[in-house]
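Enquirer: Take this structure, written in structure tokens, and hold onto it; I'll ask about it next.
The values are calculated or read from the model by the stated rules, or taken from the named source; none is laboratory data. No experiment lies behind these values; they were computed from the predicted model shown. Cβ atoms come from the backbone with ideal geometry, glycine included; neighbour counts cover every protein chain shown. These accessible areas exclude ligands, DNA and RNA; they are computed on the full protein's heavy atoms, side chains included. Shrake-Rupley method; radii C 1.70, N 1.55, O 1.52, S 1.80 Å.
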Amino acid sequence: MTIADRWLLPDGMEEVLPPQARQIEGLRRELLDLFHCWGYDLVFPPPAEYLESLMTGSGNDLDLQTFKITDQLTGRLMGVAADITPQVARMDAHSMQRQGPARFCYCANVLRTKSSNMLGSRSPMQVGAELFGHAGVESDSEILGLMIAALGTAGAEKIYLDLGHVGIYRALISEAGLEVDQEKQLFNAILQKAYADIDQIVARDVAHEAVRGMISRLARLNGGFEVLALAQVELADAPASVKEALDSVEQTAKLIQRQYPNVEINFDLSELRGYNYHTGMVFAAYIPGYGHPVAQGGRY
């Protein structure tokens with residue numbers, strides 16, 4: 001190792017120098033003040049927790065992103081926080097135990113084994129808000145509205161919002177009766193929007209003709225508001241929970257459209273980002289000139 005190599009940072013790890021550090025700190029304060037004005041209380045989760053606590057309800061994706069370490073005091077396995085949402089959920093359930101809706105916000109660095117994209121950081125600063133204790137259009141639209149306001153505070157002028165609902169796919173897969181390996185293969189094909197592969201897999205593995213057709217059509221249901229009307233027809237034979245999910249997405253989208261007419265809304269009803277992590281509506285926000293979501297989340 002040369003002297004120069006000794007001071008190299010690991011891939012995906014960055015240091016922040018002046019004046020960017022001052023700019024980041026200023027924006028951090030503005031965002032946390034915004035969250036406070038919306039009624040969200042600030043919390044500081046710990047940088048590491050025992051692994052079984054950190055992984056509860058978080059799914060395999062987060063497990064793969066989590067650095068594991070051994071606690072020298074107890075010998076138990078710990079995880080370095082790779083996502084703050086599960087930590088805040090634990091704090092709400094076990095540390096505060098509030099009755100009714102609870103609102104929290106945070107801003108802290110997390111550490112991940114791999115970045116979410118090729119140019120991303122493995123030690124990003126995660127800023128966000130969580131609303132617990134209410135399941136419905138009102139809470140979904142509140143979180144979306146807060147996200148839009150936060151992006152505006154950060155300087156975003158044009159925002160593109162993608163909406164989906166993982167409950168639709170869950171309901172259809174439950175009806176399909178696939179084996180674990182078959183479902184995994186189909187899941188990966190849908191993630192990649194590989195339509196030919198999707199058709200081939202469902203033709204081979206899904207016995208029920210109606211379900212087979214609905215899964216194939218679901219993968220193609222993406223676009224503007226017309227997609228929701230088309231989905232009501234294409235998925236008419238789906239379980240009742242699918243219609244409920246579609247209605248929920250439509251009501252939320254119309255609320256956001258009225259309140260934020262400059263936000264362009266699109267729908268991807270087979271969006272499975274965070275499938276093992278989210279349970280209902282999922283969303284992602286994009287801005288011109290940036291190919292990856294600048295904000296994302298969903299019902300947890």
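Enquirer: May I ask which residue of Gly128, Met118, Ala156 lies farthest towards the positive end of the charge dipole of the stretch 71-172, with charges of +1 (Lys, Arg) and -1 (Asp, Glu) on Cβ and the Cα centre as origin?
Expert: The listed residue farthest towards the positive side: Met118.
Enquirer: To the nearest 20 debye, what is the magnitude of the charge dipole of the chain about its Cα centre, counting +1 on the Cβ of each Lys and Arg and -1 on the Cβ of each Asp and Glu?
Expert: With Lys and Arg at +1 and Asp and Glu at -1, about 480 debye.
Enquirer: Averaged per residue, what accessible surface does the stretch 163-265 expose to a 1.4 Å probe, in Å²?
Expert: Ligands and nucleic acids excluded, the figure is 51 Å² per residue.
Enquirer: Per residue of the stretch 283-289, in order, report the coupling 6.51 cos²θ - 1.76 cosθ + 1.60 (Karplus, θ = phi - 60°) as ³J(HN,Hα) in whole Hz, putting x for Gly and Pro.
Expert: For the stretch 283-289, the Karplus curve yields 8, 8, 10, 10, 10, x, x Hz.
Enquirer: Which value, in nm² and rounded to one decimal, describes the direction-averaged projected area of the C-alpha convex hull of the stretch 126-205?
Expert: 8.0
Enquirer: Which residue, Ala285, Gln232, Gly75, has the largest displacement toward the positive end of the dipole of the chain when charges sit on each Cβ (Lys, Arg +1; Asp, Glu -1)?
Expert: The Cα lying farthest towards the positive end belongs to Gly75.
Enquirer: Kindly sort His278, His134 by accessible area of their heavy atoms, largest first, with the probe set to 1.4 Å.
Expert: So, going from the largest accessible area down, we get His134, His278.
Enquirer: Something else about it: Ranked from the most accessible area to the least, with a 1.4 Å probe and all protein chains present, what is the order of Arg29, Arg103?
Expert: Values: Arg29 130, Arg103 70 Å².
Ranked from most to least accessible, the order is Arg29, Arg103.
Enquirer: Here is a follow-up. Report the one residue of Ala203, Thr252, Ile190 whose Cα lies farthest in the direction of the positive end of the charge dipole of the stretch 146-300 (charges on C-beta: Lys and Arg +1, Asp and Glu -1; origin at the Cα centre).
Expert: Of Ala203, Thr252, Ile190, it is Thr252.
Enquirer: Given R₀ = 25 Å, FRET efficiency for Ser123-Leu191 by Cβ-Cβ distance, to 0.05? Don't jump to the answer; show the numbers that get you there.
Expert: Working: r = 26 Å, r/R0 = 1.03.
Efficiency, rounded to the nearest 0.05: 0.45.
Enquirer: Tell me, how many Å apart are the Cα centres for the stretch 202-268 and for the stretch 111-155?
Expert: 23
Enquirer: I've got another one for you. Where does helix 137-153 land angle-wise versus the long Cα axis of the chain, in degrees 0 to 90, nearest 10?
Expert: Compared with the principal axis, the helix lies near 50 degrees.
Enquirer: Then there's this: What whole-number volume per residue, in cubic angstrom, does the convex hull of the C-alpha atoms of the stretch 80-153 give?
Expert: So the per-residue hull volume is 112 Å³.
Enquirer: Below 13 angstrom from the Cβ of Gly297, what's the summed charge of the other residues (Lys, Arg +1; Asp, Glu -1)?
Expert: -4
Enquirer: Mind checking the dipole of the stretch 147-295: about its Cα centre, +1 per Lys or Arg Cβ, -1 per Asp or Glu Cβ, Debye to the nearest 20?
Expert: Taking the Cα centre of the stretch 147-295 as origin, the dipole is about 340 debye.
Enquirer: What FRET efficiency, computed as 1/(1 + (r/R0)^6) with R0 = 35 Å and r the Cβ-Cβ distance, is obtained for Thr2 and Arg22, rounded to the nearest 0.05? Provide the component values of the computation, followed by the final result.
Expert: On the way: r = 33 Å, r/R0 = 0.94.
Taking R0 as 35 Å, the efficiency between Thr2 and Arg22 is 0.60.
Enquirer: For the peptides 111-120, 242-251, 217-226, 163-172, what is the packing order when you average, over each peptide's residues, the other Cβ atoms within 10 Å and list the highest mean first?
Expert: Ranking the peptides 111-120, 242-251, 217-226, 163-172 by packing returns 163-172, 242-251, 217-226, 111-120.
Enquirer: Limiting things to C-alpha atoms, what are the Rg and the maximum Cα-Cα separation (Dmax) for the stretch 251-300, in angstroms?
Expert: Cα-based Rg and Dmax for the stretch 251-300 come out at 11.8, 32 Å.
Enquirer: Tabulate in residue order the Karplus-calculated ³J(HN,Hα) for the stretch 38-53, using 6.51 cos²θ - 1.76 cosθ + 1.60 with θ = phi - 60°, rounded to whole Hz; enter x for Gly and Pro.
Expert: Those phi angles translate into 7, x, 9, 7, 6, 10, 10, x, x, x, 8, 9, 4, 4, 5, 6 Hz.
Enquirer: Hey, another quick one. With all protein chains present, how much of the accessible area of the chain (probe radius 1.4 Å) comes from carbon and sulfur, to the nearest whole percent?
Expert: Roughly 53 percent, rounded to a whole number.
Enquirer: Let me ask something additional. What is the extension gain from Gln259 to Thr74, computed as 0.36 nm multiplied by their sequence separation minus the C-alpha to C-alpha distance, in nm to one decimal?
Expert: 61.4 nm
Enquirer: I've got another one for you. List the extent of the Cα atoms of the stretch 140-288 along each of their three principal axes, largest first, rounded to whole Å.
Expert: 50, 25, 24
Enquirer: Another question, if that's okay. Normalise the Cα radius of gyration of the stretch 206-268 by 2.2 N^0.38 Å (N = residues in it) and let me know the number.
Expert: Relative to the 2.2 N^0.38 Å estimate, the stretch 206-268 comes out at 1.24.
Enquirer: Can you give me the angle between helix 166-176 and the longest principal axis of the chain, using Cα atoms only, in degrees from 0 to 90, rounded to the nearest 10?
Expert: Between helix and principal axis, roughly 50 degrees.
Enquirer: Would you please give the FRET efficiency between Lys243 and Thr113, computed as 1/(1 + (r/R0)^6) with r the Cβ-Cβ distance and R0 = 35 Å, to the nearest 0.05?
Expert: Rounded to the nearest 0.05, the efficiency is 0.35.
Enquirer: Something else now. Which cross-chain or sequence-distant (5 or more) residues have an amide H under 5 Å from the amide H of Ile265, H modelled 1.01 Å from N in plane?
Expert: Counting only residues 5 or more places away or on other chains, the set is Leu161.
Enquirer: If the convex hull of the alpha-carbon atoms of the stretch 1-106 is projected onto planes in all directions, what is the mean projected area in square nanometres?
Expert: On the way: hull surface 41.2 nm².
Its Cα hull, projected and averaged over all orientations, spans 10.3 nm².
Enquirer: Near Val43, within a Cβ-to-Cβ distance under 10 Å, what is the net charge of the other residues, with Lys and Arg +1 and Asp and Glu -1?
Expert: Computed value for this residue: -3.
Enquirer: How far is helix 240-259 tilted, in degrees, relative to the longest principal axis of the Cα atoms in the chain, given as a value from 0 to 90 rounded to the nearest 10?
Expert: The answer is roughly 60 degrees.
Enquirer: Could you sort 11-23, 88-100 so that the peptide with the highest average Cβ count within 10 Å comes first and the rest follow in order?
Expert: 88-100, 11-23
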